[in-house]
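A.B. asks: Got a structure for you, written out below as structure tokens; questions coming shortly.
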Amino acid sequence: MKRWSSHRLLLLLLCILIAAIPLIAARGQSGPASRAAAPTDVPKSLRDLAAGRGILIGTAVEPLPVRADPDYAPLLTREFNLLTTENVLKMGPLRPDITTYYFEEADFLVDFAESNGMKVRGHTLVWHNQLPEWMTDRTYTTSEMTWIVNDHITTVVERYRGRIWAWDVVNEAVLDDGSLRPNVFLQTMGPDYIEKAFEWARAADPDALLFYNDFGAEALNAKSDAIYAMVKDFVERGVPIDGVGLQMHVDVNSPPNPADVASNIMRLSALGLQVQITEMDVRTSGDPSEAERQAQIYAAMLEICLEAPACTAFETWGFTDKYTWLGTQTAPLLFDPLYDPKPAFFALLDVLNRAADQSPLP
Ligand code: 9MR
């Protein structure tokens, strides 16, 4: 047999390849393995759907799992476009002594949020809990405490001016019976400490949204009545406040009445204030049979938020049951400890999808 020279063999291979190009291209366009079809198969994320409805969807975050758990950040940045600093901006962790501020951890989370297109809620400037020992170990005079709180708000809010979208300026200052919580600020500065905090925050960043944030005041009760009266008075007197945060730490067996939550949001929005669901979780006994009921509670609260134009953000207090302040037995969040989505996650997706169908964007 006649032997083929190597350059003739090469030529033959080239011809076969050229002849096959149209076939390969056609399969690429219409075959079952078509890559062009892939993007439509990927379900939209909570953050994509929420953005289409004009609200932000967020969650509380600690630096440790962002740094150390490889499964954590990809899901966080896929599903959420708002990040609340769970602990790092509280006075205890932030201010180890009266003149020292430790910003490293907060800087890390703010940088992380920015590089992933997420807005930041700063939590929290004035709170009776998680205070540094130097504050709780001795008593201060009125002018000393006024200086401490003013320096704190001014230093922290100025540092993140233009980078922190919204602040929980004062957190949990009201008790269930509607009276002011007798904390160290009330005891030294008197009831005016709340409005002073808002004024100092406004001066430090005129563009940040300023919130009063509390728990157990989602529906209609003595506490939410007192908060309503307080912020109404602030609005009337020109104290700079932009909104009220409803934390929404609830139990699967005793959720707030949805109609009452809607009424509460309505009366706050009639004052010209925004409302945000800031810390939602739904505690269960850990029994998986409660997962559907938990999902309905999440869905009901998101629906209320979507129906109220004043409700501008919906946030959960963490997103995986692997990391929750309630302990891992209570399964309060949207993903299980292995990061598998729970019925609560699908219920939120469903609410956002249905809302998008009802009012398509122009
Ligand atoms: O989730 C926070 C937890 O890690 C802290 O140990 C705890 C300290 O009290 O605070 C938790 O967050 C709280 C938030 O700052 C204010 N609202 C209630 C939240 C749950 O306790």
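A.B. asks: Hey, what's the Kirkwood Rh for segment 90-196 if you take every pair of different alpha carbons, in angstrom?
C.D. replies: 14.8 Å
A.B. asks: In terms of modelled amide H atoms, which long-range or inter-chain residues lie less than 5 Å from the amide H of residue 311?
C.D. replies: The answer is 275.
A.B. asks: Could I ask something else about it? For the chain, find the longest principal axis of its Cα atoms and tell me its angle to the long axis of helix 6-30, 0 to 90°, nearest 10.
C.D. replies: Around 50 degrees separate the two axes.
A.B. asks: Once you place label points 7 Å from the Cα toward the Cβ at residue 287 and residue 307, how far apart are they in nm?
C.D. replies: Here the modelled spin labels are 3.0 nm apart.
A.B. asks: Per residue and in Å³, how big is the convex hull formed by the alpha-carbon atoms of the chain?
C.D. replies: Given the Cα convex hull of the chain, per-residue volume reads 213 Å³.
A.B. asks: Expressed as an acute angle from 0 to 90° and rounded to the nearest 10, what is the orientation of the C-alpha long axis of helix 142-159 relative to the principal long axis of the chain?
C.D. replies: 20 degrees
A.B. asks: While we're on this one: Rounding to the nearest 10 and keeping the result within 0 to 90°, find how far the Cα-based axis of helix 222-237 lies from the longest principal axis of the chain.
C.D. replies: That helix lies at roughly 80 degrees to the long axis.
A.B. asks: Could you work out the relative contact order of the chain? I mean the mean sequence separation of Cα pairs under 8 Å and 6+ apart, divided by the number of residues, in percent.
C.D. replies: 14 percent
A.B. asks: Ignoring trypsin sites (Lys or Arg not before Pro) that are buried or in helix or strand per DSSP, and keeping those with at most 14 other beta carbon atoms within 10 Å, what is the longest stretch of the chain between them?
C.D. replies: The longest uninterrupted stretch comes out as 162-362.
A.B. asks: Taking neighbour Cβ counts within 10 Å as the exposure measure, how do 103, 335 sort from fewest upward?
C.D. replies: 103, 335
A.B. asks: Show that you can apply the helix-only estimate: for the chain, add -39,500 (n - 2.57) for every DSSP H stretch of four or more residues, divide by all residues, and state [θ] at 222 nm to the nearest 500.
C.D. replies: -14000 deg cm²/dmol
A.B. asks: Over the alpha-carbon set of segment 277-349, work out the extent along each principal axis and list the three values in angstrom, largest first.
C.D. replies: Its Cα atoms span 35, 22, 19 Å along the three principal axes.
A.B. asks: Give the whole-number value, in cubic angstrom per residue, of the convex hull volume spanned by the C-alpha atoms of segment 196-286.
C.D. replies: 97 Å³
A.B. asks: Still on this model: Treat the count of other C-beta atoms within 10 Å as a stand-in for reagent exposure and order 155, 99 from fewest to most.
C.D. replies: The order, fewest Cβ neighbours first, is 99, 155.
A.B. asks: Determine, for 124, 141, the number of other Cβ atoms within 10 Å of each Cβ, and report the residues in order from fewest to most.
C.D. replies: So the ranking, lowest neighbour count to highest, is 141, 124.
A.B. asks: Evaluate E = 1/(1 + (r/R0)^6) for residue 99 and residue 69, where r is the Cβ-Cβ distance and R0 equals 41 Å; express this FRET efficiency to the nearest 0.05.
C.D. replies: Between residue 99 and residue 69 the formula returns 0.75.
A.B. asks: What FRET efficiency would be calculated for the residue pair residue 187, residue 129, taking the C-beta separation as r and a Förster radius of 25 Å, to the nearest 0.05?
C.D. replies: In this case the efficiency is close to 0.95.
A.B. asks: Between residue 210 and residues 5 or more places away or on another chain, which pairs have amide H atoms under 5 Å apart, with H built 1.01 Å from N, and which residues are they?
C.D. replies: So residue 210 has HN proximity to 167, 242, 243.
A.B. asks: If one puts a single equal scatterer on every Cα of segment 177-228 and applies the Debye formula without solvent, what log₁₀ I(q)/I(0) results at q = 0.24, 0.29, 0.30 Å⁻¹?
C.D. replies: These q points yield log10 I(q)/I(0) values of -1.01, -1.09, -1.10.
No value in this document is a laboratory result; all are computed from the given coordinates. The model shown is predicted, which means the values in this text are computed figures rather than measured ones. Methodologically, a virtual Cβ is constructed for each residue, glycine included, from the backbone with ideal geometry; neighbour enumeration extends over all protein chains shown.
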